[in-house]
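To keep things clear, I will list the structure first and then write my remarks on it.
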Ligand SMILES: [Zn+2]
């Protein structure tokens, strides 16, 4: 069973993907992403791999006969799910890779997004990464994913609505002005490079929920030139390295890259490329659970002060830089 069911109370789709339960148990020590597995080239730097058990497909199976034409609506689980392998080295993580190597990853994201954008039925494309067992990752081999959705998921739609109404009132991108105000305030800026800034946003929901914003107004990662791609690669290496340096552990996180939506309204003036991190830890051995208030009401509670956590993150960044020199 694979279909999109509409949640009429919330106004968003749920991907029903029960076939994913049938994923085979892999033999211990077998990694499909390692060279020699038969699934990937014998040698690669980065590699895009079609998900074997996709929740969304450009060739979707017929939905089950569950749509009653009233409040129970179901449609084809149209879209695309790809796995993006960051390295052939099973034990590497993003911050272990060279800036040159991560630039190849940025280029691969660009190529895959450009390619998927040609499918007019795809409305939003989001590269993301889940890292660490604590966020349910069973395969430690360094990888992320790209989902091409045939609708705009609700949280993204909410951002679009806020960006659109802000632009209508101020004739300026909300992202540009937010970054400007963060820079003027300065308390939550962690570090920056030529084209990007790493900061802990004013209203972050997560103790270490850092965000990467672009200094120039660029709506999509696809529009980055070579220098900007290298700059983003360096920013990703340093951000993940800083997070690892916080507690001297492989720091788990969820992360997503947001470009402007495609195949719909032109939001190039309103939207800036940005990255959000959603790390599940509040200290070395304490997890921040998304509990009832967060889940049931989307009423987030951050048990820490962003300005204090920003100081901690700046220290971790210094530690990371000192260790990498
Ligand atoms: Zn592997």
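The values are calculated or read from the model by the stated rules, or taken from the named source; none is laboratory data. Given the structure is predicted, the values throughout are model-derived calculations rather than measurements. In this analysis, Cβ positions are derived from the backbone assuming ideal geometry, glycine residues included, and neighbour counts consider all displayed protein chains.
Would you confirm, using the coordinates I've provided, whether residue 168 is part of a helix (DSSP H, G or I) and more than 20 Å from the chain's Cα centre (by Cα)? Against the criterion (part of a helix (DSSP H, G or I) and more than 20 Å from the chain's Cα centre (by Cα)), residue 168 qualifies. The residues in region 124-153 that are more than 14 Å from residue 254 (Cα to Cα) and surrounded by 19 or more Cβ atoms within 10 Å (Cβ to Cβ) can be counted, and the count is 7.
So that you can scan it fast, the table gives a plain yes or no per residue for (1) surrounded by fewer than 18 Cβ atoms within 10 Å (Cβ to Cβ); (2) part of a loop (DSSP other than H, G, I, E, B); (3) modelled with pLDDT of 95 or more:
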site	(1), (2), (3)
155	yes, no, yes
175	no, no, yes
179	no, no, yes
190	no, no, yes
194	yes, yes, yes
198	no, no, yes
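Among the conditions (1) farther than 30 Å from residue 58 by Cα; (2) within 16 Å of the ligand (Cβ to nearest atom), the only one that residue 162 does not satisfy is (2).
Does any residue of region 83-105 turn out to be surrounded by fewer than 15 Cβ atoms within 10 Å (Cβ to Cβ) and away from the ligand (no atom under 16 Å from the Cβ)? First the steps, then the outcome.
Going through region 83-105, the residues surrounded by fewer than 15 Cβ atoms within 10 Å (Cβ to Cβ) turn out to be 89-91, 98, 100.
Narrowing further to those that are away from the ligand (no atom under 16 Å from the Cβ): 98, 100.
Yes, that holds for at least one residue.
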